[in-house]
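The values are calculated or read from the model by the stated rules, or taken from the named source; none is laboratory data. Quick caveat, the model's predicted, so the values are computed rather than measured. Methodologically, a virtual Cβ is constructed for each residue, glycine included, from the backbone with ideal geometry; neighbour enumeration extends over all protein chains shown.
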Amino acid sequence: MEQNRFGFFSSIPAVTKNLIIINFLCWLANFALPKLGIDLIRLFGLHFPTASGYHFYQLFTYMFLHAPNSLEHVFFNMFAVFMFGRVLENVWGKQRFLLFYMTTGVGAAIIQILITYIRIKGIEASLDSESIALVYNQGESVIMQGMQFTHPALNKLNLLINTQTIGASGAVFGILLAFGMLFPNTPLFLMFLPIPIKAKYFVAIYGVIELFLGVANFSGDNVAHFAHLGGMLFGYFMIRYWKKKDQDRGYTY
């Protein structure tokens, strides 16, 4: 029994296994470290560049953090890494898979920042300079105190500027896209759909849904849909580049 269990873990490729372990350890740390006065999300979650807590390294670190009050957030992301990431790592090897994972995660962050910038500028166009300055000067403390501005537009602006983005979803969507491109006709079974659907259609449907939700920008939706699309976009260009490079070398997969 013990031998089979350890055999299962040893069968998971190294990078995939370590990514899953690191993400779960970071999630668990969110429960212990706040007691020591350490807020991982504030330190390593992705801030908008004009926010006081922004640091360049957050483009990399945010993807290893997940909502501490949601086991589903980290579980389903890591389940996708386990299901599809291990296949890609076996095809690409450790270095290429890790580079792909990190690049799509950073790419998702870049797209998220770009979309946030566009939305910020749209709101700022309807506000006077004093109101905008108020958000930049006091907005973070307002959120930390659990308070809100009286003006709805100021609250929207404040949330855009001073809310952190966390999660591996951008890299996960990159992995889903890669699986769909490399194994387009592989049938996938979904929990809510009892019939198989080819990977290429699954990815396409998921992408359209994320685009719709991102453009719709429903009130109360705190999911970074454009970050997901950013992971897919960067992943697409990486795969296209690698395929051309490998074909020039006479290598196909």
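Observations on the model:
- Residue match in the range 133-146 (condition: in a helix (DSSP H, G or I), of a type in the set (A, V, I, L, M, F, W, C) and either under 16 Å from the mean Cα position of the chain (by Cα) or under 30 Å from Pro13 (Cβ atoms) (or both)): no
- Candidates Leu114, Leu59: the one that is part of a helix (DSSP H, G or I), under 21 Å from Ile175 (Cβ atoms) and under 17 Å from the mean Cα position of the chain (by Cα) is Leu59.
- Filter result (among the small types (Gly, Ala, Ser) and touching a residue at least 12 places away in the same chain (Cβ under 8 Å)) within the range 89-137: Gly105, Gly107, Ala108, Ala109, Ser126, Ser131
- Residue within the range 203-226 that is touching a strand residue (DSSP E or B) at 6+ places or on another chain (Cβ under 7 Å) and at pLDDT 80 or above present: yes
- When Asn158 is tested against the conditions (1) closer than 22 Å to Phe76 by Cβ; (2) touching an Asp or Glu at 6+ places or on another chain (Cβ under 9 Å); (3) free of Cβ contacts under 8 Å to residues at least 60 places away in the same chain; (4) of a type outside the set (Val, Ile, Thr), the lone failure is (1).
To keep it simple, each residue is scored yes or no on (1) hydroxyl-bearing (Ser, Thr, Tyr); (2) surrounded by fewer than 22 Cβ atoms within 10 Å (Cβ to Cβ); (3) under 28 Å from Thr103 (Cα atoms).
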{"position": "Phe149", "(1), (2), (3)": "no, yes, no"}
{"position": "Leu177", "(1), (2), (3)": "no, no, yes"}
{"position": "Gly180", "(1), (2), (3)": "no, no, yes"}
{"position": "Phe183", "(1), (2), (3)": "no, yes, yes"}
